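Single-structure report; data block below.
The values are calculated or read from the model by the stated rules, or taken from the named source; none is laboratory data. From a predicted model like this one, the values you see are computed outputs, not experimental measurements. Here the Cβ positions follow ideal geometry from the backbone for every residue, glycine too, while neighbour counts run over all protein chains shown.
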Amino acid sequence: MPALLLLFLFLYLGHYSAKVQLTVGLVAGGFWLACAFAVRERFIRPVQTISNMVAALREDDFSLRARGASAWDDLGLVFLELNALGETLRQQRLGAQEATALLRRVMAEIDVAVFAFDKDGRVRLANAAAARLLGQRPDQLAGRTAAELGLAGFLEGEPTGVREAVFAGRAGRFGLRRGAFRQGGRPHTLLVLADVSRALREEERQAWQRLVRVLGHEINNSLAPIRSVTQSLRARLGQREGDGLEQELRGGLDLIGARSEALARFMNAYARLARLPRPSLSSVDVASCVQRVAGLETRLPVRVSGGPPQSVQADADQLEQLLINLVRNAADAAIEAHGTEVEIGWRVDNGHLEVLVRDDGPGLPHTTNLFVPFFTTKPNGSGIGLALSRQIAEGHGGTLTLANREGTRGCQATLRLPVRI
């Protein structure tokens, strides 16, 4: 512009004709416009492009690309590097999104409860398994404190181990893992709880099943010849007379035979643990099943308190055997303490059927060995009733728990089964 102004000044002072001044002015103006356009295209527009790309990268928009990228030109080299940076950031963001999606999928699918607490002990993250463990919806957990959810004890003490706890009315042993992480520069606590009760019981049951198979094989090998010899001796003694010796031998042989039969029944009962088949599911009406079971106990009244009309998918024979065991145990306890009756009822809670069997017996002195095969507190008990009952419950995807009643004497057995639609 200064050069153009000087040119017009010289033309004016030089007393050139208007035609010459106009011609020179047009040529000079055109030249100036061409130079200005060239400067804009060469410098201004590239700088604007660089500014726009940097702004897009700052806003996490990695889709923009600069034209004219070239390794043989300074500005082209800048464009080339910016395009490479945008592609790298795009790939990194895509990888992060895929990793996040995978993590969310894993969190949703794993049967392990995962909680994330902030420094104030409030839930910031909880997966579906955590919600199921507490018997609530995932959206009900956000923002609640560990104390409100009954998890305060898990945020203290050793960061790893196995602890016993009760969640949503279900007792069990839980593997604990606790660690720390930072998010947004703030400390958080990650808590992982895994229900190991069923896995431990399954290992325990398999060990007992192996033992039962071995014992059954060995004892049956001994019982077979005992029965055979007993029958042979009884036949021989029947062919001759004696002066009391025959009566004595008969008594002894009768005792041997009786004990052999008792031992056979004993082993057959234990062998049921190892031979329990998988449940054959069908629709079972709860009310009808409970009424049948209640009618089988004749030693004292069994009161059916009832419940809502409900059917479950279950093996009818196995479910009935389970309830028979619970009612029989309840009746034994009530009779021992001179009780009056056994009560059985059911209810539906959070998608599960709960069958409750109550007695007014002496209650449970301890619960450690209740479900251990061979353990019994009854003089003539076999020690497999509760173990077999819990095996049936877990085979149906449910649980079986026993606890002393609150506010009164006696025990309550709770069978919890999923209601499948």
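Structure notes:
- Pairs with Cβ under 7 Å, 6+ apart, first in segment 389-407 and at pLDDT 85 or above, second hydroxyl-bearing (Ser, Thr, Tyr) and outside any strand (DSSP E or B): Leu400/Ser389; Leu402/Thr367
- Listed by position, the strands (runs of 3 or more DSSP E) contained in segment 107-190 that have at least 1 residues being modelled with pLDDT of 85 or more and either more than 30 Å from Arg201 (Cα to Cα) or touching a His at 6+ places or on another chain (Cβ under 9 Å) (or both) are 113-117, 123-126, 170-183.
- Of the strands (runs of 3 or more DSSP E) that lie entirely inside segment 243-334, those containing 1 or more residues that are at pLDDT below 85 and under 24 Å from Cys411 (Cα atoms) span 302-306.
- Listed by first and then second residue, the pairs with beta-carbon distance under 6 Å, at least 6 apart or on different chains, first residue in segment 130-148 and in contact (Cβ under 8 Å) with a residue 60 or more places away in the chain, second surrounded by fewer than 16 Cβ atoms within 10 Å (Cβ to Cβ) and of a type in the set (A, V, I, L, M), are Gly135/Ala168.
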